[in-house]
Each structure stands twice: as C-alpha cells, then as structure tokens.
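Written out below as structure tokens is the structure these notes cover.
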Amino acid sequence: RAAIYALNGKDGSLLWKYPVRTSIKNTIAIESGIVFAQDVQGNLYAVDAETGKLCWESQLPVNGLPGLIEGLATDKGIVYAGTGKALSAFEARTGKLIWRNKDWAQREGTTSTLTVGNDVLVGSVQWTALYGNDAKTGKMLWSASNHGLRNRGASAAIHNGLLYLISNKACFIIEARTGRIIVRKTLPYSVDVTSTPLLTDKE
C-alpha cells in the first residue's frame, strides 16, 4: 500500500498518488520537475511532479538484505541514488545512466542521505566508512573511518567545499574533495543521532 503523495500546500488536499512496490524509508527529492524516490528493494521511481505520471524507473542492483533505507539526492539535472556498487547517477529527465560506483560495497544499511555539492557526492556505509565520490565520474576520491566516522548514522551538510557532520561525541568539518578532517570538536555529550547539521549565513 506504499505510495508517493502530492498534497496541496495550502489546505493539505490530495493532488495525486503514485503507488510503489515496497516501502520508501528515506528522503525523496525533486529535480527538473520530477519527483524521485527509491524503495527498499532498489526500485528508483521518477514521477512527474505536476501530474503524478511515471516518467521512468530503474532497478538498482542492491543486495536484497539489508533493504535500501538511504536517502537519494539531486543536483544540476542529475539524480544520485542507491548505495555501494549500486550507487548510480542518472540524467533526471531521461533516466540515462551516467555512471555506477565501482569502488566500495554495500553492507549494513544506514539512515543517512546522500550529500552532493562542489562536484562531490558523499555516501556512507554503517560500521565501515564515509565515502567521497567524484559526482561527474563516480570515481571514489576518499574514504574516512577514523575518529568515530565509521559508525555514524548522520548525514553531512555541504557549504563552500566543506562538509559539516556529527558522529559519536564530536562535530566535524571536513574538506569535501579530499576527506581531510579540518576540525574535530569533541562535545560533552553524545550526538550519535541521525540529524543533519543546519547551516545559515552566519552559523
């Protein structure tokens, strides 16, 4: 009974509903007038945001277990979906596959959402590492698993080429292109949560 819904922002009335095969557990996104969502079995849906009609779909080659619970991301006419060797980039409008990750594998599921910016795509595998891939080619640029980054469920925020994220008992600032940790600020309490930092112009 899972579905993607469009509601009227003013009164909450239903505009359209698109049924999907299995549950969608994380972030959906809109790019080029199309709504994108991925379900736990790796079905990627591209649905017209105005009409609710399917534009295209793709089966991502994810492992059956654990289910795909990560969130996808979009940027500059591209949708990034999947995880591990199923992590893929598609043309948003056409569904044409641009690249597929060859450098790191899926393991335990993670609650994180992909982060994209400055031509870098950041994904992760719970209990393994945080990964930076070139957003244009899919090539892995770096991986980071030290200082508590390997067992993190939180997603990174990106601004001016820097990643901001939390893990364990610390707040991190990391160079997006290199994975180099610039700041690791230890906090007096645990931030082992799934939150993404919020960035404003000043804070």
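The values are calculated or read from the model by the stated rules, or taken from the named source; none is laboratory data. Keep in mind the model is a prediction, meaning the values are calculated, not measured. For neighbour counting, all protein chains shown are included, and Cβ atoms are generated from backbone atoms with ideal geometry for every residue, glycine included. To get the accessible areas, we keep the full protein, side chains included, count just its heavy atoms, and leave off ligands, DNA and RNA. Shrake-Rupley method; radii C 1.70, N 1.55, O 1.52, S 1.80 Å.
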### Cα radius of gyration and Dmax for the chain (Å)
17.0, 50
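Per residue, how much accessible surface does the range 120-191 expose to a 1.4 Å probe? Answer in Å², no decimals.
Values: 3210 Å² over 72 residues.
Per-residue value: 45 Å².
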### Task
Tally up the carbon and sulfur contribution to the accessible surface of the range 56-188 as a whole percent, 1.4 Å probe, everything protein left in place.
50 percent
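Using every Cα-Cα pair within the range 90-140, state what percent have a distance larger than 18 Å. Kindly include the intermediate steps, with their values, before the conclusion.
Working: 437 of 1275 pairs.
So the portion of pairs separated by more than 18 Å is 34 percent.
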#### Entry: Count, lysine Cα pairs under 13 Å in the chain, 8 or more residues apart or across chains
6
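Can you quote the Å³ per residue value for the convex hull of the Cα atoms in the range 1-121, rounded to an integer? Could the numbers behind the result be given before it?
On the way: hull volume 13.0 nm³, N = 121.
That works out to 108 Å³ per residue.
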### Query
Which of the peptides 46-54, 99-107 is most tightly packed, and how do the rest follow, going by the mean number of other Cβ atoms within 10 Å of each residue?
99-107, 46-54
